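Before any comments, here is the structure.
Bear in mind these aren't lab numbers, they're just calculated from the coordinates by the rules spelled out. Nothing here was measured: the structure is a model prediction, and the numbers come from that model. Backbone-built Cβ (ideal geometry, glycine too); neighbour counts: all protein chains shown.
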Amino acid sequence: MNNPELFIQAALKITKQASDIPKKYFRAEFDVEHKLDKSPVTIADRETEEFIRDALKQHFPDHAIFGEEFGRETRNSDYEWIIDPIDGTRSFVAGMPLYGMLLALLKDQQPQLGIIRMPELDEVYVGDRQTTTLNQSPLHCSKVSAIDDAVIYVNEGEKINAHDQALFNRLSTSGRVMRLGYDCYPHALLAAGSVDLVIDFDLKPYDYFSLIPVVEGAGGIITDWQGEPLNMESNGQVVSAATDELHRQALDLVNP
């Protein structure tokens, strides 16, 4: 079965229904646990992923599934769904409404469809590497080509600073506007044309696979810091840019 519209409509329906789960817990009292990598996890993360997994199995029983909380279920299929039930659990725990829900579909390990849903904002970004929409309206990246003119988001700034203080200092003084951020929303804003460049760090496959079709479908570029395509083995260093020239300058910035 290879029906892109069927995949999109199923993904939209499933994530819309699933978004009621984190919204139910948002700014309520619940326990927060920490995984071995010190990242937090909540009942909302687990319930949301369980719901999405069960729904995907009903719609596409032959497809593989890989999620942040419950790992990988392999199938004899070219298709694999990638789930991040709450992208930004720290934001969620802190009452920040900019957490997201990510769902991607890969075929032969290549992302074909990406969904970025923002439950508290009632926004859903859908990309298929050719087109991107926000609540069904077409999106396009900006035309900014010079880094000095760019609106830049630096995600996971404290991790970048710990990794390479000189790099963090360069990033902090770059662009027309520089903001520190987290999670998927800056990449969504890049697809919408509000942000021109996002430098990200320490991401996992379930963090970045959904971003690829959304950014590329809006005309942008998303790679690792060496300019290579993102895949399951990527090291989590990600750059999203509105234009080719801005992307080249960003690579020069992170690799002086």
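Tabulated results
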item: Fraction of beta bridges assigned by DSSP in the chain that are antiparallel (%, nearest 5); result: 75 percent
item: Value of relative contact order over the chain, rounded to a whole percent, pairs C-alpha under 8 Å and six or more apart; result: 16 percent
item: Aspartates and glutamates with Cα under 16 Å of K16, excluding same-chain neighbours fewer than 8 positions away; result: D45, E47, E49, E50, D54, D84, D87, E120, D122, E123
item: Residue order, fewest to most beta carbons within 10 Å, for Y182, Y99; result: Y182, Y99
item: J(HN,Hα) series, the stretch 93-110, from Karplus relation 6.51 cos²θ - 1.76 cosθ + 1.60, nearest Hz, glycine and proline x; result: 5, 7, x, 8, x, 9, 6, x, 10, 10, 9, 10, 10, 9, 10, 6, 6, 10
item: Amide proton proximity set for G181, modelled H, under 5 Å, gap of 5+; result: V154, N155, E156, G157
item: Alpha-carbon centroids, the stretch 192-232 and the stretch 70-113: separation in whole Å; result: 14 Å
item: Cα Rg over Rh - the chain, Kirkwood; result: 0.95
item: Positive minus negative residues near I65 (Lys, Arg vs Asp, Glu; Cβ under 9 Å); result: +2
item: Relative exposure of D196, D164, D45, D108, judged by other C-beta atoms within 10 Å (fewest first); result: D108, D164, D45, D196
item: The stretch 158-175 - phi-based ³J(HN,Hα) in whole Hz, Karplus 6.51/-1.76/1.60, Gly and Pro as x; result: 5, 6, 5, 4, 5, 6, 7, 5, 5, 5, 4, 5, 5, 5, 5, 10, 9, x
item: The stretch 193-256 - percent relative contact order, Cα under 8 Å, separation 6 or more; result: 40 percent
item: Among beta bridges that DSSP assigns inside the stretch 4-138, antiparallel share in %, nearest 5; result: 90 percent
item: Hz values of 3J(HN,Hα) by residue in the stretch 3-12 - Karplus curve (6.51, -1.76, 1.60), Gly and Pro given as x; result: 10, x, 5, 4, 4, 5, 5, 5, 5, 5
item: Neighbour net charge for I83 - beta-carbon separation under 9 angstrom, K R +1, D E -1; result: -3
item: Volume per residue that the Cα convex hull of the stretch 84-228 spans, once the total is divided by residue count, Å³; result: 110 Å³
item: Local net charge near S172, Cβ-Cβ under 13 Å (Lys/Arg +1, Asp/Glu -1); result: 0
item: Cross-link partners of K13 among lysines (Cα-Cα below 26 Å; sequence separation of 8 or more within a chain); result: K23, K24, K57, K107, K204
item: Contact order normalised by residue count of the stretch 147-254, Cα under 8 Å, 6+ apart, percent; result: 28 percent
